[in-house]
Amino acid sequence: MIRSVLAGAGGYLPGRVVSNDEMAALVDTSDAWIRERTGIHQRYRAEGEETTTSMAVIAGRRALEMAGATAAEVDLIIVATSTPDQAFPSVAVRVQAGLGVDHGFGFDVSAACAGFVYALSIADEMIRAGRARGALIIGSEVFSRILDYGDRGTCVLFGDGAGAVFLRAAEGDGAQGVLSTHLHAQGSLGDILYVDGAVGVTDAAGAPMPGKLRMHGREVFRHAVQRLSESVEEALAANGLAHDAVDWLVPHQANIRIIEGMGRKLGLAPERVVITVDRHANTSAASIPLALAEAMGDGRIQHGQLVLMEALGGGLVWGSALVRI
Ligand code: UT7
């Protein structure tokens, strides 16, 4: 039996830190409101030459380093992003070139904040099917470039960054690796969280207009609480596991209230929930691999432990994954 073992994780955050006070100089908000309603203290912003691709390359390289893997082992690259640098080529093939990988294949996945879980699921299926032995899964986003800085309800929530994991095929008894993934979508809710504008739309001067993020926050919050709960129960039930089997919750980082609520539902001690939203804000598809990279890198998440991941994003799309590290 082939399993996908999560052999390494890496993250990258741009150098520019933007504080809540700095956001309060742009829109009618306050450090106190942002902290209390979201748990966010600051966010990172890509500037100058930094792109979705350049951040993805660094995060990918760091994941390979932790896994002790070389470019020759990378058969498949999947980048989850809603902010690709170009319509095509994909970020994934740009990353392939950036890492000096000269074989295999790659593509991007568009599943908003659930993009990493979607990409992980696809890579796991391809590894199990024997289509790849090594897969680099990356979430990389520059949401700062699709935010409306006149809308206080959204512009304070997001940050930029990239996170990556390397999956390696392993034969064995199946104790280690991706145990299961669970994906869902409800397209009829597409208008509660979306990016307006479209490829090819230009302003009066003919310049491209990439569109801005729009969100009905309260509605998304309501769906997130319900769907994410269902999704983690689904993952545990599929593996015949109870709540107390989970060693770590590594959730999408949208709002501390959603994250802590999920931790309580699972009966997890607060220190068993990996939290980055305070420093990173919501980095969409990058948030789970960034959190994994941090908690694996500092030794909190240990070999043999069971990690539960969950995410929901614009679509709506959502899902979960259970992985034994
Ligand atoms: O990653 C993808 C998935 N995304 C999520 O899961 C996000 C889910 N949603 C949320 O996290 C929360 O709904 C938000 C953080 C977006 C908003 O928090 P909320 O507690 O749901 O606030 P609200 O939208 O109900 O707004 C409450 C009040 C409103 O004022 P009134 O109408 O009560 O006078 C807003 O205008 O807070 C106001 N408000 C703000 N005030 C200060 C909204 N944004 C801000 C702000 N600063 N930045």
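The values are calculated or read from the model by the stated rules, or taken from the named source; none is laboratory data. Keep in mind that this is a model prediction, so the values were computed, not measured. Virtual Cβ from ideal backbone geometry, glycine too; neighbours counted across all protein chains shown. Each accessible area value is taken on the protein alone, full model and side chains, heavy atoms only, with ligands, DNA and RNA left out. Shrake-Rupley method; radii C 1.70, N 1.55, O 1.52, S 1.80 Å.
Among the residues making up region 69-103, those that are surrounded by fewer than 16 Cβ atoms within 10 Å (Cβ to Cβ) and assigned to a helix (DSSP H, G or I) are ALA72, ALA97.
Right, ARG133: at negative phi, over 20 Å from the mean Cα position of the chain (by Cα) and not β-branched (Val, Ile, Thr) or not? Explain how you work it out, then say what you get.
Values: at negative phi: yes; over 20 Å from the mean Cα position of the chain (by Cα): yes; not β-branched (Val, Ile, Thr): yes.
Yes, satisfied.
For region 56-68, what are the residues that are small (Gly, Ala, Ser) and either more than 25 Å from GLY159 (Cα to Cα) or open to solvent by 20 Å² or more (accessible area, probe 1.4 Å) (or both)? Hits for region 56-68 are ALA67, GLY68.
Residues that are modelled with pLDDT under 95 and surrounded by 17 or more Cβ atoms within 10 Å (Cβ to Cβ) within region 15-35 are absent altogether.
Yes or no, residue by residue, for (1) basic (Lys, Arg); (2) surrounded by 18 or more Cβ atoms within 10 Å (Cβ to Cβ); (3) more than 15 Å from the chain's Cα centre (by Cα):
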| site | (1), (2), (3) |
| --- | --- |
| GLU141 | no, yes, no |
| THR154 | no, yes, yes |
| GLY159 | no, yes, no |
| ALA169 | no, yes, yes |
| ASP173 | no, no, yes |
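You will find that of ILE34, ILE58, ILE77, ILE2, the residue that is touching an Asp or Glu at 6+ places or on another chain (Cβ under 8 Å) and of a type outside the set (Ser, Thr, Tyr) is ILE2 and no other.
Scanning region 193-207 for residues that are within 21 Å of TYR149 (Cβ to Cβ) and modelled with pLDDT of 75 or more gives LEU193, TYR194, VAL195, ASP196, GLY197, THR202, ALA204, ALA205.
When THR202 is tested against (1) hydroxyl-bearing (Ser, Thr, Tyr); (2) within 16 Å of the ligand (Cβ to nearest atom); (3) free of Cβ contacts under 8 Å to residues at least 12 places away in the same chain, only condition (2) is not met. Taking the criterion of being more than 14 Å from ALA112 (Cα to Cα) and touching an Asp or Glu at 6+ places or on another chain (Cβ under 7 Å), the residues of region 142-160 that qualify are SER144, ARG152, THR154, CYS155.
Apart from one condition, ILE40 fits all of (1) open to solvent by 70 Å² or more (accessible area, probe 1.4 Å); (2) assigned to a loop (DSSP other than H, G, I, E, B); the exception is (1).
Taking the criterion of being within 12 Å of the ligand (Cβ to nearest atom), under 19 Å from ARG218 (Cβ atoms) and either surrounded by fewer than 22 Cβ atoms within 10 Å (Cβ to Cβ) or of a type in the set (A, V, I, L, M) (or both), would at least one residue in region 281-294 satisfy it? Within region 281-294, one or more residues are within 12 Å of the ligand (Cβ to nearest atom), under 19 Å from ARG218 (Cβ atoms) and either surrounded by fewer than 22 Cβ atoms within 10 Å (Cβ to Cβ) or of a type in the set (A, V, I, L, M) (or both). The set of residues in region 147-177 being within 16 Å of the ligand (Cβ to nearest atom) and either among the hydroxyl-bearing types (Ser, Thr, Tyr) or out of contact with any Ser or Thr (no Cβ under 6 Å at 6 or more places or on another chain) (or both) consists of LEU147, ASP148, TYR149, GLY150, ASP151, GLY153, THR154, CYS155, LEU157, PHE158, GLY163. The residue that is surrounded by the fewest Cβ atoms within 10 Å (Cβ to Cβ), among those in region 241-264 that are more than 16 Å from the ligand (Cβ to nearest atom) and in contact (Cβ under 8 Å) with a residue 12 or more places away in the chain, is ASP244. Among the residues examined, THR52 qualifies as under 13 Å from ILE138 (Cβ atoms), modelled with pLDDT of 95 or more, surrounded by 17 or more Cβ atoms within 10 Å (Cβ to Cβ) and more than 16 Å from the ligand (Cβ to nearest atom).
Right, ALA311: closer than 24 Å to ARG35 by Cα and within 10 Å of the ligand (Cβ to nearest atom) or not? Considered against the rule, which asks whether it is closer than 24 Å to ARG35 by Cα and within 10 Å of the ligand (Cβ to nearest atom), ALA311 comes out as yes.
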